[in-house]
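Notes for the one structure printed next.
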Amino acid sequence: MNASMPTSLTDGLDAIIEMDAPLAGHTWFGVGGNADMLVRPKTEAALKELVRRCHNENKTVRVLGSGANLLVLDEGVDGVVIKLDQPAFTQWTLRPNGESNKVLAPAGVDVLKLLNACVREGLDGLCQMAGIPASMGGATRMNAGGKFGCIGDAIHSVATMNHRGEVRVHPHSAIQFSYRHSGLPQDLILWTLLQLNPGDPVALRQKMLEIYQFKKDSQPLAEHSAGCLFRNPVTSDGTRTSAGRLIDLAGMKGFTHGSAFVSAEHANFVCAHKAGRANDVLELARIIQDRVLQSQGVNIEMEVAVWGRSFQPKEKK
């Protein structure tokens, strides 16, 4: 046991526990270092006890979803990483308590699997998520989406758990969803209740496939990336412009730095070669930011979360 990780954190806990756990395989970039401790609780009660113990021991807690919007630096991360991939957190309920057109999705649910299930059931409202890999918790936290809409469009309410293990339910009207953002507190997301609409399964499947094909034709989905690396910035007139276009205009499409490179298909996708360095990705991101600022006069901010023991976000200029 790592001396900095006391046994009191996990003694008797109903969970799968791994010390010095490699995280690269848990992320879409496929690179990066280890976590001091990776814990996969088997029940909500175990999760509640874990977060309480971490708070009492003053240990940092991070929640790992599908890893589709995450860069773990080569130095790894301290504290406890929680992954909600056990059945208690990955099994959704269609029409809970007989409520028509609603779906209860715990935080570990695979959004794309849920989308397919909803389409088969004739439930409309998630097709905008086609081609966007995410866990329900992660998608809810960042209001994931794109050209065709966001997950927040379909959310009825969200339950969060604080460091004392207390659960609070937030109605949609109190969350204030916006571009790549939700107004939720920085507590752990426990579940999301979706409000969907009745639809024809055949028409919904066609809609889902068309959206997926659009993304497949314009994005390097087969590469090791985390999707769009940067948020689309707001221009002086208050509208958003494409970060990918700005990066392309800065002459960065196809640019390589160490084991990382800017996709030749979509300039807002930064990819990593297999067995590459996570730090190359971060360094390339900062090069891109500098080039776009110099050539276009626009600050672009990273959309992807970065984890590292000593990581400090770049200061805005």
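The values are calculated or read from the model by the stated rules, or taken from the named source; none is laboratory data. Note that the coordinates shown come from a computational prediction; the quantities given were computed from them, not determined experimentally. Methodologically, a virtual Cβ is constructed for each residue, glycine included, from the backbone with ideal geometry; neighbour enumeration extends over all protein chains shown.
Step by step: first the residues of region 1-27, then only those that are polar (S, T, N, Q) and outside any loop (DSSP other than H, G, I, E, B), then the one that is nearest to residue 279 (Cα to Cα). Which residue is that? Explain how you work it out, then say what you get.
Restricting attention to region 1-27, the residues satisfying the condition of being polar (S, T, N, Q) are 2, 4, 7-8, 10, 27.
Within this subset, residues satisfying the condition of being outside any loop (DSSP other than H, G, I, E, B) are 7-8.
Values: 7: 31, 8: 33 Å.
Top of the filtered list is 7.
I'm trying to understand the selection: among the residues of region 242-255, which are in contact (Cβ under 8 Å) with a residue 24 or more places away in the chain and surrounded by fewer than 18 Cβ atoms within 10 Å (Cβ to Cβ)? It would help to see each step written out before you state the result.
Here is the first cut: in region 242-255, the residues in contact (Cβ under 8 Å) with a residue 24 or more places away in the chain are 242-244, 246-247, 249-252, 255.
Scanning region 242-255 gives 242, 249, 251.
Before we move on, is residue 102 modelled with pLDDT of 95 or more, surrounded by fewer than 24 Cβ atoms within 10 Å (Cβ to Cβ) and within 29 Å of residue 307 (Cα to Cα)? Before the answer, list the steps.
Details: modelled with pLDDT of 95 or more: yes; surrounded by fewer than 24 Cβ atoms within 10 Å (Cβ to Cβ): yes; within 29 Å of residue 307 (Cα to Cα): no.
No.
What do you reckon, is residue 63 touching a Gly at 6+ places or on another chain (Cβ under 7 Å) and part of a strand (DSSP E or B)?
Here the answer is yes, as residue 63 does meet what is asked.
Of the conditions (1) more than 19 Å from residue 144 (Cβ to Cβ); (2) surrounded by 14 or more Cβ atoms within 10 Å (Cβ to Cβ), residue 227 clears all except one; give me its number.
(1)
In this structure, is residue 18 surrounded by fewer than 22 Cβ atoms within 10 Å (Cβ to Cβ), of a type in the set (Asp, Glu) and touching a residue at least 24 places away in the same chain (Cβ under 8 Å)? It would help to see each step written out before you state the result.
On the way: surrounded by fewer than 22 Cβ atoms within 10 Å (Cβ to Cβ): yes; of a type in the set (Asp, Glu): yes; touching a residue at least 24 places away in the same chain (Cβ under 8 Å): no.
No, not satisfied.
Inside region 181-204, can you point out the residues that are more than 17 Å from residue 136 (Cβ to Cβ) and either among the hydroxyl-bearing types (Ser, Thr, Tyr) or crowded, with 16+ Cβ neighbours inside 10 Å (or both)?
Within region 181-204, 199, 204 meet the criteria.
Could you please find all residues in region 66-88 being under 18 Å from residue 188 (Cα atoms), more than 16 Å from the chain's Cα centre (by Cα) and not in a strand (DSSP E or B)?
86, 87, 88
Since residue 30 meets every condition but one in (1) under 16 Å from residue 83 (Cβ atoms); (2) part of a loop (DSSP other than H, G, I, E, B); (3) in contact with a Lys or Arg (Cβ under 7 Å, 6 or more places away or on another chain), which condition does it not meet?
(1)
Given the residues 203, 243, which is the only one that is in contact with a strand residue (DSSP E or B) (Cβ under 7 Å, 6 or more places away or on another chain) and farther than 30 Å from residue 47 by Cβ?
Values: 203 fails: in contact with a strand residue (DSSP E or B) (Cβ under 7 Å, 6 or more places away or on another chain).
Only one candidate passes the filter, namely 243.
Restricting attention to region 110-138, which residues are in contact (Cβ under 8 Å) with a residue 40 or more places away in the chain and of a type in the set (A, V, I, L, M)?
111, 115, 119, 123, 126, 130, 132, 134, 136
Okay, residues lined up against (1) surrounded by fewer than 20 Cβ atoms within 10 Å (Cβ to Cβ); (2) touching a residue at least 40 places away in the same chain (Cβ under 8 Å); (3) of a type in the set (Val, Ile, Thr); (4) out of contact with any helix residue (DSSP H, G or I) (no Cβ under 9 Å at 6 or more places or on another chain):
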site: 52; (1), (2), (3), (4): yes, yes, no, yes
site: 61; (1), (2), (3), (4): yes, yes, yes, no
site: 64; (1), (2), (3), (4): no, yes, no, no
site: 71; (1), (2), (3), (4): no, yes, no, no
site: 81; (1), (2), (3), (4): no, yes, yes, no
site: 93; (1), (2), (3), (4): yes, no, yes, yes
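With (1) surrounded by fewer than 21 Cβ atoms within 10 Å (Cβ to Cβ); (2) out of contact with any Gly (no Cβ under 6 Å at 6 or more places or on another chain) as the list, and residue 48 as the residue in question, which single condition is left unmet?
So the condition that residue 48 fails would be (2).
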